[in-house]
2 protein chains.
Amino acid sequence: MNGAENLINNLAEAGVELCLANPGTSEMQLVAAIDKQPKIRAVLCLYEGVVSGAADGYGRMADKPALTLLHLGPGFANASSNLHNARRAYSPVLNMIGDHATYHLQYDAPLTADIEGFARPVSSWIGTSTSPENLAEIGMEAWGQSQVYPGRVTSFIAPADHAWTDLEAKSIPTPALEQAPKCHAEDLARAAEALRSGEPCAIMLGGRALRASELEFAGKIVAATGCRLISETFYARRERGTGRVPVERLPYFGEQAQAYIAEFKHLIFIGTKPPVSFFAYPNKPSWLSPDGANIIELADVSTDALDALSRLADAVNATTEKPVRQERQQHELEHGAINALELGKILTNRMPEDTIVSDEGATNGLWVYAMTEGAAAHDWMTLTGGSIGQGLPLALGASLARPNQKVIALQADGSAMYTVQALWSIAREQCDITVILLNNSSYAILNIELERVGVADPGPTAKSLLDLSNPVIKWAEIAKGMGIEACTVTTVADCDAAVERAMAQKGPYFIEVIV
Amino acid sequence: MNGAENLINNLAEAGVELCLANPGTSEMQLVAAIDKQPKIRAVLCLYEGVVSGAADGYGRMADKPALTLLHLGPGFANASSNLHNARRAYSPVLNMIGDHATYHLQYDAPLTADIEGFARPVSSWIGTSTSPENLAEIGMEAWGQSQVYPGRVTSFIAPADHAWTDLEAKSIPTPALEQAPKCHAEDLARAAEALRSGEPCAIMLGGRALRASELEFAGKIVAATGCRLISETFYARRERGTGRVPVERLPYFGEQAQAYIAEFKHLIFIGTKPPVSFFAYPNKPSWLSPDGANIIELADVSTDALDALSRLADAVNATTEKPVRQERQQHELEHGAINALELGKILTNRMPEDTIVSDEGATNGLWVYAMTEGAAAHDWMTLTGGSIGQGLPLALGASLARPNQKVIALQADGSAMYTVQALWSIAREQCDITVILLNNSSYAILNIELERVGVADPGPTAKSLLDLSNPVIKWAEIAKGMGIEACTVTTVADCDAAVERAMAQKGPYFIEVIV
């Protein structure tokens, strides 16, 4: 047995079931070790940003990490923007980065780079193997660290000689996972007092607080106190739809968000922090909570959300209340050219129960989101870190975690291009994913932002830098080139028929929606 | 005038002519400033790895930096693997990275990240603007630092409030560019002595030493002394072909490279350093120079190569010698299925003078390279840093630097996928680029490497992680989807006809070669 096999076997014993891989020469021993380990499924991605985005999607749905396999510093670099998103989603992700043999580093071969330097901005924990025996130890420590509640991005570096050196197999005890810290009793008392005050009060929810079991308690609190529930704008995963406790969503633009919560005297935060504007703008606020409001940060994202909500329900005598639940809706379609609103209606009508939506729909995604509250119960995942190119890989990873559930990738065109390679892995793995590509041939959000940052009269160069229509991207052609069946729709009727077909079948399908 | 305009105007005055851009909200003021500055051409790329690879290609051909425009830390992260390659190529690249307004950073909004941390592993110089006035100063300093001979990757951070704040226009003196250091007289004497010894001697060339003017002197030295000229395996740019001084190329695999130079008693290095193996392997050497050889590191990559070669020619009385020159070749084609060898012949026959080749052909590229020494005079660029996904962006940047020259992107399929978005910018800018995509549906090099690192009997999972044939990627479909005319060829005759057609026209063309 060599160091690579010892590592991979220990990780498999700890429960790692998926390796998302884009290996190179320095990782061949790790590839061979994975090959021999039947408990770990290996999925090839053709770009590292797909690897990391899929690891995020897997982590959000599985609540445990996928292993990534990345090729030295530059391979990690390609993964790191989606790791930034995963870090912001608090997803468990376990990065395994190959490196040159330790004795080879002194020669500064072309691929030599500061791997720890690359890893630092996106990793909560980094380790580098110090010996063939240590390789498995460091890998197991990284595994444990990745599961600090609610999840973290961890990275460990595997030198090639540690992987290929023979050693005695050694079973490493699975690190004990620490319990999440609980919220403080005095904060709980303040929150309960606010809820009982009769003054306008909202509970702002994020992170794990948006799961169905946590929302049950939130719903009871609403029933008992009449407070409102508002989610952070971009969250990792919300369980929503029919039968679930409804939650409002904080608007994206700062001034709208500010107005949305201006009325509240009390804001209680569970799984999130007080909202700030996504970007700064001249003469617009960064801090969005109302002046003088009673801000109660009951539980940050790393504090046990289920505990906080259940204790809060208890504190306001809501435990026996029946939460308000979302009712099933069916929408009448308005026929004509397809738009995001009608698409939202179509999805509400047709999404099967337990669908998982990866929403990187950008400007159009907001409308679809607003329309789908009354769909069958489903999971909704959003772009947490603002680095576009997350949506398609996220869908891939979610599907690998939940192969028996339908996944919909609601995807803006500009964002899709960043990690378009995900389509190939979706085809290869025959994932049950329907990609709905919203083609508006524009970085539409930036046309809005250009004005908001104070650019009064943008000239042709500025406009051209936000425009994707020269040439128009033929998305269905690209999808077919990657091996996915694809169609293009322009009308509500055609879109409805395409979604009907996609929902009825199992496997990859690509619908280009011209909006 | 605002800070952004002051910055952009100063950079334009210094000679910046191209901005490769993938902007977001925090860069809108910079976009608007570029819009108003007619001396700078703005080119939109749909992924930051395309931005940085194109900046590398531009730098290699223009010997001055393009400006990049990148969106905060994650945008820079996406650019950084091709910046690793640019750093290894010693290309001048000037990265402009937008950031949140300084006062907004405290709120840790979703896109907030450690930008300097992201930039450090790939930047030789980093600056962060400290005020609206300082923004132009820091940008100009970065511009100067990017041109330290032979070129460097520099990065500066532009906070949004420094860009949007009004100020008085201020013209900043263009930083004086320092002359490259010269090689030492005593090393020169040692090198001359080695060349005159009559013992086997090679001059190992890299960096700027592979330009035509530098090679003239190398050719004179060969004529006078009978030494051999050998290039580093992966270099930024070699001027080669008919009429140019021929140079051998060091083989890729370490043991082959070691054998190739085993006979030499003297090795003189100009523009490069003693060769090391690209990767380490069990029981294979890292250091490749023969034991006991006389190693003369006359000029490293940052030392003036033209000066070193001209003084060395003088020292061995070669100044009046006539260098050996490459003769024009025409190849007879062997008809049948197309392969890399026949493709090399076709290109030799048909490449027009002053063609620029971006070679990321991987396993197949070596054969094409070997066959094309006798083509019309041309430039050849290779993958310097080993991080694949360089070839298509590099071709884009080279074409933007030299719009009147034909560019050929000789591109392996696995590598092409990493930065496939480059095709769209090539279409949009109507660059005179012929992409020759070598589709072998495999990470072929890794199948070789798997054995070389000692994996004796790879199983199905290992093999599947190196295989791109499930599903087969339809490259011509993808190219058409991106807006480029494309064809697929399988025979020598069809490939020859396609290349003939591509060379006769001006503008983008895509030839998928099934090998």
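The values are calculated or read from the model by the stated rules, or taken from the named source; none is laboratory data. Being a predicted model, the structure only gives us computed values, none of them experimental. Cβ sites come from the backbone with ideal geometry, for glycine too, and all protein chains shown count toward neighbours.
Some points to look at:
Each row is one residue, and each column tells you yes or no for (1) under 24 Å from the mean Cα position of the chain (by Cα); (2) farther than 17 Å from B:VAL301 by Cβ; (3) assigned by TED's automatic domain parsing to the domain that holds B:LEU70.
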| residue | (1), (2), (3) |
| --- | --- |
| B:LEU135 | no, yes, yes |
| B:ALA142 | yes, yes, yes |
| B:TYR149 | yes, no, yes |
| B:SER155 | yes, yes, yes |
| B:ALA180 | yes, no, no |
| B:GLY207 | yes, no, no |
| B:ALA224 | no, yes, no |
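- Count - residues of the range B:452-463 that are free of Cβ contacts under 8 Å to residues at least 60 places away in the same chain and more than 7 Å from chain A (Cβ to nearest Cβ): 4
- Of the residues making up the range B:482-515, those that are within 26 Å of the chain's Cα centre (by Cα) and part of a strand (DSSP E or B) are B:ALA486, B:TYR509, B:PHE510, B:ILE511, B:GLU512, B:VAL513, B:ILE514.
Residue-wise test of (1) more than 23 Å from B:SER415 (Cβ to Cβ); (2) of a type in the set (A, V, I, L, M); (3) outside the structural domain of A:HIS378 (by TED's automatic domain parsing).
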site	(1), (2), (3)
A:ASN10	yes, no, yes
A:ALA14	yes, yes, yes
A:MET28	no, yes, yes
A:LEU44	no, yes, yes
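- Residue selected from the range B:140-155 under the condition touching a strand residue (DSSP E or B) at 6+ places or on another chain (Cβ under 7 Å) and part of a loop (DSSP other than H, G, I, E, B), by the criterion nearest to B:SER80 (Cα to Cα): B:ARG152
- Residue check for B:PHE234: part of a loop (DSSP other than H, G, I, E, B), under 25 Å from B:LEU394 (Cα atoms), among the hydrophobic types (A, V, I, L, M, F, W, C) and modelled with pLDDT of 95 or more: yes
- Matching residues, the range B:351-366, being surrounded by fewer than 18 Cβ atoms within 10 Å (Cβ to Cβ) and over 19 Å from the mean Cα position of the chain (by Cα): B:PRO352, B:GLU353
- Residue within the range B:102-111 that is within 11 Å of another protein chain (Cβ to nearest Cβ), of a type in the set (A, V, I, L, M, F, W, C) and under 22 Å from A:PHE76 (Cβ atoms) present: yes
- Top-ranked residue of the range A:7-26 - restricted to ones that are at the interface with chain B (Cβ under 9 Å from one of its Cβ atoms) and over 27 Å from the mean Cα position of the chain (by Cα), ranked as surrounded by the most Cβ atoms within 10 Å (Cβ to Cβ): A:SER26
- So A:ILE408, is it hydrophobic (A, V, I, L, M, F, W, C) and more than 10 Å from every other protein chain (Cβ to nearest Cβ): yes
- Test result for A:TYR103, surrounded by fewer than 24 Cβ atoms within 10 Å (Cβ to Cβ), aromatic (Phe, Trp, Tyr), outside the structural domain of A:CYS431 (by TED's automatic domain parsing) and assigned to a loop (DSSP other than H, G, I, E, B): no
- Candidates B:ALA158, B:ALA163, B:ALA189: the one that is assigned to a helix (DSSP H, G or I), in contact (Cβ under 8 Å) with a residue 12 or more places away in the chain and closer than 27 Å to B:ARG87 by Cβ is B:ALA163.
- The residue list A:ALA479, A:ALA462 contains one member that is of a type in the set (A, V, I, L, M, F, W, C), under 20 Å from B:PRO23 (Cβ atoms) and assigned to a helix (DSSP H, G or I), which is A:ALA462.
- Members of the range B:264-314 that are part of a loop (DSSP other than H, G, I, E, B) and either aliphatic (A, V, I, L, M) or closer than 18 Å to B:ALA189 by Cα (or both): B:LYS265, B:GLY271, B:ALA280, B:LEU288, B:ALA293, B:ASP300, B:VAL301, B:THR303, B:ASP304
- Check on A:ALA4, more than 19 Å from the chain's Cα centre (by Cα), in contact (Cβ under 8 Å) with a residue 60 or more places away in the chain, buried (at least 24 other Cβ atoms within 10 Å of the Cβ) and assigned to a helix (DSSP H, G or I): yes
- B:ALA202 farther than 25 Å from B:LEU83 by Cβ and in contact with a Lys or Arg (Cβ under 6 Å, 6 or more places away or on another chain): yes
- Residue that is farthest from A:ALA142 (Cα to Cα) [pool: residues in the range A:27-50 that are within 22 Å of the chain's Cα centre (by Cα), at the interface with chain B (Cβ under 9 Å from one of its Cβ atoms) and not in a strand (DSSP E or B)]: A:LEU46
- Residues satisfying the stated conditions in the range B:130-139, i.e. surrounded by fewer than 24 Cβ atoms within 10 Å (Cβ to Cβ), touching a residue at least 40 places away in the same chain (Cβ under 8 Å) and in contact with a strand residue (DSSP E or B) (Cβ under 8 Å, 6 or more places away or on another chain): B:PRO132
- Qualifying residue in the range B:269-280 (condition: free of Cβ contacts under 8 Å to residues at least 40 places away in the same chain and surrounded by fewer than 15 Cβ atoms within 10 Å (Cβ to Cβ)): no
- Qualifying residues in the range B:446-473 (those that are buried (at least 20 other Cβ atoms within 10 Å of the Cβ) and within 28 Å of the chain's Cα centre (by Cα)) - the one modelled with the highest pLDDT: B:ILE473
- Residue within the range A:114-127 that is part of a helix (DSSP H, G or I) and either in contact (Cβ under 8 Å) with a residue 60 or more places away in the chain or not assigned by TED's automatic domain parsing to the domain that holds A:TYR58 (or both) present: no
- Evaluating A:ASN470 against the criteria (1) more than 7 Å from chain B (Cβ to nearest Cβ); (2) outside any helix (DSSP H, G or I); (3) not hydrophobic (A, V, I, L, M, F, W, C) leaves one unmet condition, (1).
- Applying the criterion of being in contact (Cβ under 8 Å) with a residue 60 or more places away in the chain and at the interface with chain B (Cβ under 10 Å from one of its Cβ atoms) to the residues of the range A:51-88, the residue that is nearest to the chain's Cα centre (by Cα) is A:ASN85.
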